[in-house]
Amino acid sequence: MEPIKQIRSRTAVLPYTNIDTDQIIPARFLRTTERSGLGRHLFADWRYDAGGAPRADFVLNQPAAAGCSILVAGRNFGCGSSREHAPWALLDHGIRAVISTEIADIFRNNSLKNGLLPIVLPEADVAWLLAHPGIELLVDLERNRVVLPDGRELAFELEAFARYCLLNGVDELGYLRSQDAAIARHEAARAAHGA
């Protein structure tokens, strides 16, 4: 996982509510456990027509969205079935953070475990972001702030362990492995005391 300290990017905006994981990455693309290459299938049913040609009117196909690593979406993003492929597809496409008023719990947990930052902000703030697509934001994970172009700062919450993992670019297993020496000392002390 790549550490996240700050993300500075223009925003791509999907102003729809209840974007489910099957819309993020349709089930027909779940035949792999490889993360790379899934970005081309991100929002496939919205991005491409029946013949596979890109739809010019879909936001991620427009030149203004090129290089955007912050996605702003409507309420209840990532609802539906549990699939790690959804955050994998977003990350492979280049999205590093998703901002919404509500992010489904399973999608949120899968995102945090895979290095995608899910940010929940109040409805008025997200409504403003949705109404201003393409603005440049600074997501500052070290301070748990989203900084707007005018300097205003929007605070967001993130559980401490998930924040630690994202800041340090480790998943849960990577964190445990980083504690090998402390675990070995603990086990040795237990063995010495006959536990």
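The values are calculated or read from the model by the stated rules, or taken from the named source; none is laboratory data. A quick note: this is a predicted structure, and the numbers were derived from the prediction, not measured. So basically every Cβ, Gly included, is an ideal-geometry build from the backbone, and we count neighbours across all protein chains shown. The protein model used for the area step is the full one, side chains on, heavy atoms only, and it has no ligands, DNA or RNA in it. Shrake-Rupley method; radii C 1.70, N 1.55, O 1.52, S 1.80 Å.
Take the chain and mark each of the GluC sites (Glu not before Pro) that is in a DSSP loop with at most 16 other Cβ atoms within 10 Å; the longest unmarked stretch, sites excluded, is 35-141. Highest mobility in the GNM of the chain, judged by mean-square fluctuation with C-alpha springs under 10 Å and restricted to GLY134, GLY78, GLY37, is found for GLY37.
Out of the range 5-89, which chymotrypsin sites (Phe, Trp or Tyr not before Pro) are coil in DSSP terms and have no more than 16 other C-beta atoms within 10 Å? Counting only loop positions with at most 16 other Cβ atoms within 10 Å, the chymotrypsin sites (Phe, Trp or Tyr not before Pro) in the range 5-89 are TYR16, PHE58. Under the criterion of Cα pairs below 8 Å and six or more residues apart, the relative contact order for the chain equals 26 percent.
Taking all protein chains as present, what is the carbon and sulfur share of the accessible area of the range 1-91, in % to the nearest whole number, probe 1.4 Å? That fraction is 48 percent. Short-range pairs are left out: with C-alpha atoms under 8 Å and at least six residues apart, the relative contact order of the range 21-62 is 33 percent. Taking the alpha-carbon centroid of each part, what is the distance from the range 80-99 to the range 33-62 in angstrom? The distance from the Cα centre of the range 80-99 to that of the range 33-62 comes to 13 Å.
The shape of the range 1-83 can be summarised by an equivalent ellipsoid whose semi-axes, obtained from the alpha carbon gyration tensor, come to 20, 18, 15 Å from longest to shortest.
The rule of thumb for compact globular proteins, 2.2 N^0.38 Å, goes into the C-alpha radius of gyration of the chain 1.15 times.
Of the trypsin sites (Lys or Arg not before Pro) found in the range 109-195, the ones in coil according to DSSP and having at most 16 other Cβ atoms within 10 Å of their Cβ are ARG143, ARG152.
Per residue, the accessible area of the range 5-145 comes to 45 Å², computed with a 1.4 Å probe over protein heavy atoms only.
The coefficient of translational diffusion for the range 92-186, derived via Stokes-Einstein from the alpha carbon Kirkwood radius under 10 °C and 1.306 mPa s, stands at 107 µm²/s.
Given their separation in residues at 0.36 nm each and the Cα-Cα distance between them, ALA50 and GLU157 gain 34.5 nm when the chain is fully extended. For the range 111-195, the share of accessible area belonging to carbon and sulfur comes to 54 percent (1.4 Å probe, ligands and nucleic acids excluded). The value of relative contact order for the range 116-177, using C-alpha pairs under 8 Å at least six residues apart, is 26 percent.
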